[in-house]
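Asker: I'd like to ask you about the structure that follows.
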Amino acid sequence: MMSKKILIIFWVAALAATFYSCRNAEGMAAGKTGEQIPILSWDEDNPGNFPAARYQEMREAGITHNFVRGIRSITELLTDLDAAQETGIKKFVWCPELVTDTEETVKRLMHHPALAGYHLSDEPHSSKFQELGALVRKIQAIDSTHACYINILSRDLPASMWGTGTYQEYVQAFIKEVPLPFLSFDQYPIRVNDNGIRWVSEYWHTTLEVFSDEAKKAGKPFWAFALTASHYAYPVPTLNDLRLQVYTNLAYGAQGIQYFNWMAVNTEFKSPPIEHDGSKTVVYDIVKEMNREIKHLSKVFLHASVVSVRHTGDVIPDNTQRLEKLPDAIKSFATEGEGAIVSVLERGNDSFLVIVNRDINANLTVKIETAARVQRILKDGSATAAGSGMQTWEVTPGDVLIYSWK
């Protein structure tokens, strides 16, 4: 599910020290989007192959990459790649021949202009890691330019699905045994109860704490998900829902955003961006707005490193740390409400303070005083003076405040 010549060189050079095997692959995949965070749409099936018009809809909504799990043959896959190429969408691909005839299949795919990389598995048990690692090495020996991609489990699932004692051990074992250029996990934290009240999974921040920390130790970027289709206890997403997921992921250092699911393939998925009959839903416009914000704010998050992630509030999520100290550029800071995620990021000579309202149901009041050199980054990516003296802001559910200084 993932992200011209100068752009590729820039990406590789900027991250070469952190990428070991396949380091050029992520640069090639993400670099094609320019200086923008890659945004991927995931599809469970491809009903008769998407025509180019379907990919044009993705492009117009701000999608840069796509993955379809239900491809049934390399012939079908090549047709799909041709359609994606017409609109500039890059594809992570899967077909059965990647396993049954790996060498010949990779050679047929590796020069296609729409290829971003190879998707090899989704949410594998740890018993599959050794086998997947061998397949990754086999593919990368043939094509070292395009990334291999595997999405793994979250803490939100039973331990029996990991096959390890702890979730941290599951992530560590995957990193050790499967040599990928970037990591990925999916978790959909927003649920709705019988009274229609939204609530957030208690394990979400635990997953992010582990994933962000282990990715940083391994010197690898990671990609994360937001839910764009209702099913089971997951509600039809609102803009607030997407913001909470996307900005929390970015505050923890995510370098790619992925959406599940893009198009309905059966009655299980309700109100995804595209319905089974091809019509657009209200979620399409919500995703389009979210992607516009991601694109404008890539100047903050893309290539940024996490200095710290802390939390405020009377009660903070399990396995997180309470905010006790902020950079000197922030003279005073307090929140009123359930609490905030407070992330400090660095990107080159720029430092950023990212404040995300952790509550999906109510506003967060932020009171902040900054040094004169501090600027506030707006949703369109522009910067304005933060203002003198104490400033008070009402942050809607899941939304973000961003400050910057040299």
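The values are calculated or read from the model by the stated rules, or taken from the named source; none is laboratory data. Since the model is a prediction, treat every value here as computed from it, not as a measurement. Don't worry about glycine lacking a Cβ; one is built from the backbone with ideal geometry, like all the others, and counts go over all protein chains shown.
Asker: Just a yes or no: is a residue in region 68-82 outside any helix (DSSP H, G or I), buried (at least 19 other Cβ atoms within 10 Å of the Cβ) and at pLDDT below 95?
Answerer: Checked region 68-82: at least one residue is outside any helix (DSSP H, G or I), buried (at least 19 other Cβ atoms within 10 Å of the Cβ) and at pLDDT below 95.
Asker: Turning to a different aspect of this structure: Restricted to region 391-406, and to residues that are exposed (fewer than 13 other Cβ atoms within 10 Å of the Cβ) and not acidic (Asp, Glu), which residue is modelled with the lowest pLDDT?
Answerer: Filtering region 391-406 for residues that are exposed (fewer than 13 other Cβ atoms within 10 Å of the Cβ) and not acidic (Asp, Glu), the one modelled with the lowest pLDDT comes out as Lys406.
Asker: Quick one: which residue in Ser279, Ser343 is of a type in the set (Gly, Ala, Ser), in contact with a helix residue (DSSP H, G or I) (Cβ under 8 Å, 6 or more places away or on another chain) and on the phi < 0 side of the Ramachandran plot?
Answerer: Exactly one residue qualifies, and that residue is Ser343.
Asker: Thr312: under 22 Å from Val374 (Cβ atoms), surrounded by 15 or more Cβ atoms within 10 Å (Cβ to Cβ) and of a type in the set (Val, Ile, Thr), yes or no?
Answerer: Working: under 22 Å from Val374 (Cβ atoms): yes; surrounded by 15 or more Cβ atoms within 10 Å (Cβ to Cβ): yes; of a type in the set (Val, Ile, Thr): yes.
Yes, satisfied.
Asker: Please state which one of Ala159, Ala116 is in the same structural domain as Ile39 (by TED's automatic domain parsing) and surrounded by 15 or more Cβ atoms within 10 Å (Cβ to Cβ).
Answerer: Matching residue, one of Ala159, Ala116: Ala116.
Asker: Looking only at region 266-285, decide whether some residue is closer than 23 Å to Leu183 by Cβ and either buried (at least 24 other Cβ atoms within 10 Å of the Cβ) or touching a strand residue (DSSP E or B) at 6+ places or on another chain (Cβ under 8 Å) (or both).
Answerer: no
Asker: Please list, ordered by residue number, the strands (runs of 3 or more DSSP E) wholly in region 180-277 having 3 or more residues that are closer than 25 Å to His296 by Cα and assigned by TED's automatic domain parsing to the domain that holds Lys295.
Answerer: 222-227, 256-260
Asker: Scan region 359-379 residue by residue and report those that are in contact with a helix residue (DSSP H, G or I) (Cβ under 8 Å, 6 or more places away or on another chain) and either β-branched (Val, Ile, Thr) or closer than 30 Å to Asn193 by Cβ (or both).
Answerer: First, the residues of region 359-379 that are in contact with a helix residue (DSSP H, G or I) (Cβ under 8 Å, 6 or more places away or on another chain): 360, 377, 379.
Once the filter is applied, which keeps residues that are in contact with a helix residue (DSSP H, G or I) (Cβ under 8 Å, 6 or more places away or on another chain) and either β-branched (Val, Ile, Thr) or closer than 30 Å to Asn193 by Cβ (or both), region 359-379 yields Ile360, Ile377.
Asker: Now, a different point. If you take the residues in region 246-279 that are more than 19 Å from Pro397 (Cβ to Cβ) and among the hydrophobic types (A, V, I, L, M, F, W, C), which one is nearest to the chain's Cα centre (by Cα)?
Answerer: Of everything passing the filter in region 246-279, Ala254 is nearest to the chain's Cα centre (by Cα).
Asker: Shifting gears a bit: Taking strands (runs of 3 or more DSSP E) that do not extend beyond region 297-403, which have at least 3 residues that are under 29 Å from Glu202 (Cα atoms)?
Answerer: 305-311, 330-336, 340-347, 350-357, 364-370, 391-395
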